[in-house]
Structure formats: C-alpha cells, structure tokens
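Q: Got a structure here, written out as structure tokens. Questions coming.
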Amino acid sequence: MSTPPAPGRSSLNAARRARELAALPDEVVDVLVVGLGATGAGVALDAASRGLSVAAIDAHDLAFGTSRWSSKLVHGGLRYLAGGHVGVAHESAVERGVLMERTAPHLVRAMPFVLPLTPLVTHRQAAITATGLRAGDALRLAARTPRSALPRPRRLSAVETLRLAPALRPYGLRGGLLSWDGKLADDARLVTALARTAAAHGARILTRCRALTLTGGGALVRDELTGREIDVRARAVVNAAGVWAGGLVEGVRLRPSRGTHLVLRSEALCGASAGMHVPVPGETSRFVLVIPQGDGRVYVGLTDEPADGPVPDVPVPTESEIGFLLDILGTALDAPVARADVIGAFAGLRPLLDDRHGSTADISRRHAVLTSPDGVVTIVGGKLTTYRRMAQDAVDAVVAAGRVDAGPSRTTHVPLVGAAAPDRLAALDAPQRLVGRYGTEAPLLAGLARDDAALLEPVVPGLPVLGAELAWAVRHEGALDAADLLDRRTRIGLVTADRDAALPAAEAHLAALARP
C-alpha cells in the first residue's frame, strides 16, 4: 500500500480556507468542483491526483447532504444483481474491494449479516435468497476481493442465529443465512478523508462557498461567512451538487427518493454483534437493515419513498416511515421495539436521474455523466459505494472534451489519510476508538492529550466520542462551527439529547482554538 499524505499537507482549517479563498480570484483553475459530498470530494481528489489545479466548493460543509445520511455500508451490489443490473452490481463489488483493500481499510471492515428464517420466510424464499448470496460471493470473486476480507456465506442453525442476533424471536426460527458486506466507520468520516487527501494533492477545499450561477467557464460564488461575492474562473466545471444539481444546470431532471433510518440504543436489540436483513413481507428482494455501530447505537433502515417538491437542506423522516420500519422489525423480534425506544431518526435524499419510472424504487442506481451545452459536466445518480468510479468518469469527461490535459485516473491506488493495512493499525499505540476512525493518525490525536489529559475523556459521560476528536476536527478537518463538530465530524447530533449535552464542549473547543 502507498503511504497516505501527512497531516500538515492535508490539514483543513479556518486559516487555510481564508488564505486560499483570498487568492482564488487572481487565478484560473483547471477544474472547479461544486459540491463536497463523497462524489464531489472524490472528483477533487481524482483531478488533483492527476496533477490538475482544483477548487472545490460547497454552500455548507463537507458531507452536508446525502453523503452523511447513508446506511454506513459499502455494498457489494447484491440488491442490484437481484434486479438484473449485473453491470451496476459488478461495479459495486469492485469499488468495495478498492476501499477495503487499498484506499480506506481503516474505515471499511467486513460485517456479518444474518437473515433470520422466521415462519414468514418460506422455504422457497430461503432457497432463492441463499442462491442470491452465493451469486454475491461470485461477485466478490469476480472483483478479486480475497476471502480473507469477506468470508463465504453459509447457513446457520437456530442456536448460531440467536447467538449473533439475540433479539430475534426463537419460536419458529429455523436458523438463518449468514453473509458479509463492507461496513463504514462513518460515511461523513469517509468524505472528510477524501477532502483532506485532495487537499494534500493541492486541491483548494472551500466550505461555506455557495455557487450562485454556473457556466462552463466558472461560477459566481458567495462566501457565506462574509457575504462577499467573487468570480471563480475555471477551464472546466463539474457539478457534483447531488440533489441540488438540477438547480444549477438547466436540463438536469432529478427525482429524489427519501431513505429513512432509525437510531436505537444497542440494548433495544440485546447488544447484537451482527447486522440483520429482515425480509419485508410480500417482497422478494427487499429487506430492512439492522446495523450495529459499535458505539452503543444501532441504525435501522431504510425506506424508499418519492420526495417531491423543493429540496430541503435537512430532510425530515415522516412518522409513517418510522412506523413502517418498526412494524417490519416487529415481524422478527421477540420483544418489539416501541416508538419510545427510537432515540433519533434521519433521512437522506437519493439524487436519482428521472427516467419516468412509476416508482423511485425502480429507478436505476447507475450514475450518469451529463454535459450541458456550455460545457458544465454534471454527475448524478449512483451511490456512496461507487463514488470513486463516479468521480473518475466525471474527470474523464472533462479530459475527453479537451478542456484540460491529464493522464488516466490514479485513485484506485491513492490511500486516504490514515489508511494502513490491518496489521499496522493493530500495532498503533492509541485508543481503539481513535484507531477505528482515524487510522494511522490516531496516535497524533492521542498526543494532543499531553497538554490536556481531559482530551482522552468522553465529551459527554456515556458517549464514546473523545475530546481529542473535537480538537482535531477544528485544527485539521475544517470544522468551523459546533454543527460541523457534532453533526458531521462526529455523529453525536443524531440523538438530540446527546447533542444538547455535548454542545458546551463543542463551543469550548472552538473558542479555545480561536484565541491567538
């Protein structure tokens, strides 16, 4: 594995932002990227690693939109295979392997999933699903992901199933089907790592910069902190604004769908060590996912509902979606989860290209690269797992149009900040919480406690987030306010009560680091 960039070159902070934003009107960059979710940050990294000069802007913050509202999984494409989308499935499996083996092994690990064979799952359905899991393992093989990274699927006895998922109802349980997929430490952390790696390759990563108008030669941009407007000139422009992409370029028709997740305490599911696929009754290949996070929380999702009308900054789950997820859980659990057990919920909007299907669930998850008459390249569709390939295709389109001159993409072999092989990560002298989220940078976070031992204490009693994480986010990850710290650099904000408890600590860290 190549060596990831050092913290100095990759650090994002308020001072670097101000310096790079001030210099931008005097330059013509090769590529201007609008949007700093996974795809936009991926485009910035792809272009910068090819030697192009890059400015990447976002009206809000890193991972402000859809990228922070995912299931936190790196899928191998099994669902798409079941729908006959072999190309999409293979692409997902390949990109999962790239993340797990080369670019982000510190952030992506294998997670076991159990599909319980309850009385509602017929023997025929079980046989079809088992065949699908074997096909998914064939995808792993075709993608050349080693067995050591993702073990083979197999049938479980009822005893084995209950050991992995003790909250299941034992009555009538015939066993389970075990499979494996990639699990992200956190989706917003992936975006932060992408942005910082792009910065290490020279990209200007500028949050709180809103594109007011967009053309093939640049954009009118407003600094949301000062209100100042500047003209940013560029040889090529990539619109990676996700669900907001259609508002920047005419002719881009999107049909967003809303995916909602619940947040539960681990105790509500008896401390399950594995994820679950809970079949939706009456559906052949649709499941509700139960995903333990390893931090005392469990996510349950997700829905697929049309999200018509204006695009909100932060989507809100509906009570009907919450009720649906609880009802499906209730078909498999011994003690149903009550509405009062839901400590948080979040929803994200998928930027699906409108292909006139009747249901958003039927719209292909294949991404699309569109070029406007004046040359703006828009990248939409796709999913978190395939962000790297989406970014590569967008930059390839820019190069093919002759707007810039660059060689082929290098990002299949560009490790993100903190990346290292598992054996090296295991040898690091730092708390496991930090190693699992920051990789090789974990000792640097732990080192902050040399001057303040309290930084290795939880921000709030009972939560796993350490004070060093907040300090590091302000110094090196571009966090500018408390929302950046609580809602994106950490995920404390997914539970309102936890957010309220942690807010004073976040504000204290911002104030301390703002002093001269």
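The values are calculated or read from the model by the stated rules, or taken from the named source; none is laboratory data. Remember, predicted model here, so these are calculated numbers, not experimental data. Neighbour counts are summed over all protein chains in view; Cβ atoms, including those assigned to glycine, are modelled from backbone coordinates with ideal geometry.
Q: Only one of (1) over 22 Å from the mean Cα position of the chain (by Cα); (2) not assigned by TED's automatic domain parsing to the domain that holds residue 241 fails for residue 374. Which number is that?
A: (2)
Q: What are the pairs with Cβ atoms under 7 angstrom where one residue, in the range 8-20, is part of a loop (DSSP other than H, G, I, E, B) and the other, located anywhere, is small (Gly, Ala, Ser)? Sequence gap at least six, or different chains.
A: If the second residue must be small (Gly, Ala, Ser), the pairs left are 13/478.
Q: Here is a follow-up. What strands (runs of 3 or more DSSP E), lying completely within the range 172-235, carry at least 1 residues that are under 18 Å from residue 30 (Cα atoms) and outside the structural domain of residue 437 (by TED's automatic domain parsing)?
A: 204-206, 209-215, 218-223
Q: Right, next: Being free of Cβ contacts under 8 Å to residues at least 60 places away in the same chain and buried (at least 18 other Cβ atoms within 10 Å of the Cβ) narrows it down to one of 485, 513, so name that one.
A: Going through 485, 513 in turn, the sole match is 485.
Q: A follow-up question, please. Applying the selection to the range 480-513, what residues are in contact with a strand residue (DSSP E or B) (Cβ under 6 Å, 6 or more places away or on another chain) and part of a helix (DSSP H, G or I)? Break it down stepwise before answering.
A: Going through the range 480-513, the residues in contact with a strand residue (DSSP E or B) (Cβ under 6 Å, 6 or more places away or on another chain) turn out to be 489, 494-495.
Passing the criteria: 489, 494.
Q: Do you know which residues across the range 81-134 are farther than 23 Å from residue 284 by Cβ, surrounded by 18 or more Cβ atoms within 10 Å (Cβ to Cβ) and touching an Asp or Glu at 6+ places or on another chain (Cβ under 8 Å)?
A: Those that are farther than 23 Å from residue 284 by Cβ, surrounded by 18 or more Cβ atoms within 10 Å (Cβ to Cβ) and touching an Asp or Glu at 6+ places or on another chain (Cβ under 8 Å): 96, 107, 111.
Q: Restricting attention to the range 157-184, which residues are surrounded by fewer than 21 Cβ atoms within 10 Å (Cβ to Cβ) and under 30 Å from residue 423 (Cα atoms)?
A: Those that are surrounded by fewer than 21 Cβ atoms within 10 Å (Cβ to Cβ) and under 30 Å from residue 423 (Cα atoms): 160, 163, 164, 178.
Q: Moving on. Can you work out which of the residues in the range 362-419 that are of a type in the set (Gly, Ala, Ser) and within 13 Å of residue 45 (Cα to Cα) is surrounded by the most Cβ atoms within 10 Å (Cβ to Cβ)?
A: Checked the range 362-419; the qualifying residue surrounded by the most Cβ atoms within 10 Å (Cβ to Cβ) is 391.
Q: So residue 391 passes all but one of these: (1) without any contact (Cβ under 8 Å) to a residue 24 or more places away in the chain; (2) over 27 Å from residue 275 (Cα atoms); (3) not hydroxyl-bearing (Ser, Thr, Tyr). Which condition number does it fail?
A: Residue 391 satisfies every listed condition except (1).
Q: Let me ask another. So, in the range 486-516, exactly how many residues are farther than 23 Å from residue 264 by Cβ and over 24 Å from the mean Cα position of the chain (by Cα)?
A: 12
Q: Moving on to the next point. Considering only the range 288-339, state which residues are in a helix (DSSP H, G or I) and of a type in the set (Val, Ile, Thr).
A: If the condition is that a residue be in a helix (DSSP H, G or I) and of a type in the set (Val, Ile, Thr), then 322, 328 are the ones that fit.
Quick grid of which residues meet (1) within 30 Å of residue 435 (Cα to Cα); (2) modelled with pLDDT of 95 or more:
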position	(1), (2)
208	yes, yes
230	no, yes
236	no, yes
245	no, no
257	no, no
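Q: Just to be sure before I move on: is residue 44 modelled with pLDDT of 95 or more and part of a helix (DSSP H, G or I) in the structure I sent?
A: Numbers: modelled with pLDDT of 95 or more: yes; part of a helix (DSSP H, G or I): yes.
Here the answer is yes, as residue 44 does meet what is asked.
Q: Could I ask something else about it? Report, ordered by the first and then the second residue, all pairs with beta carbons closer than 6 Å, sequence separation of six or more or different chains, a first member in the range 201-222 that is among the β-branched types (Val, Ile, Thr), and a second member that is surrounded by fewer than 22 Cβ atoms within 10 Å (Cβ to Cβ) and assigned to a loop (DSSP other than H, G, I, E, B).
A: Hits for this filter: 215/374.
Q: Somewhere in the range 430-442, is a residue aromatic (Phe, Trp, Tyr), in contact (Cβ under 8 Å) with a residue 12 or more places away in the chain and in contact with a Phe, Trp or Tyr (Cβ under 8 Å, 6 or more places away or on another chain)? Lay out the reasoning, then the answer.
A: Our first condition is that a residue be aromatic (Phe, Trp, Tyr); within the range 430-442, this holds for 438.
Next, only the ones that are in contact (Cβ under 8 Å) with a residue 12 or more places away in the chain stay: 438.
Add one more test, that the residue is in contact with a Phe, Trp or Tyr (Cβ under 8 Å, 6 or more places away or on another chain), and what stays is 438.
Yes, some residue in the range 430-442 is aromatic (Phe, Trp, Tyr), in contact (Cβ under 8 Å) with a residue 12 or more places away in the chain and in contact with a Phe, Trp or Tyr (Cβ under 8 Å, 6 or more places away or on another chain).
Q: Sticking with this one: What residue, among those in the range 60-80 that are part of a helix (DSSP H, G or I) and of a type in the set (D, E, K, R), is surrounded by the most Cβ atoms within 10 Å (Cβ to Cβ)?
A: The qualifying residue surrounded by the most Cβ atoms within 10 Å (Cβ to Cβ) is 68.
Q: If you don't mind, there's one more thing I want to ask. State the number of residues belonging to the range 447-461 that are surrounded by fewer than 21 Cβ atoms within 10 Å (Cβ to Cβ) and touching a residue at least 40 places away in the same chain (Cβ under 8 Å).
A: Step one: filter the range 447-461 for residues surrounded by fewer than 21 Cβ atoms within 10 Å (Cβ to Cβ), giving 447-454, 456-458, 460-461.
Those left that are additionally touching a residue at least 40 places away in the same chain (Cβ under 8 Å): 460.
Looking only at that region, the number is 1.
Q: Return yes when residue 306 is at pLDDT below 95, crowded, with 17+ Cβ neighbours inside 10 Å and not hydrophobic (A, V, I, L, M, F, W, C) and no when it is not.
A: no
Q: Moving on to the next point. In the range 401-408, is there at least one residue being under 21 Å from the mean Cα position of the chain (by Cα) and either modelled with pLDDT of 95 or more or hydrophobic (A, V, I, L, M, F, W, C) (or both)?
A: no
Q: Taking the range 255-287, which residues are in a loop (DSSP other than H, G, I, E, B), farther than 18 Å from residue 111 by Cα and more than 19 Å from the chain's Cα centre (by Cα)?
A: 255, 280, 281, 282, 283, 284, 285, 286
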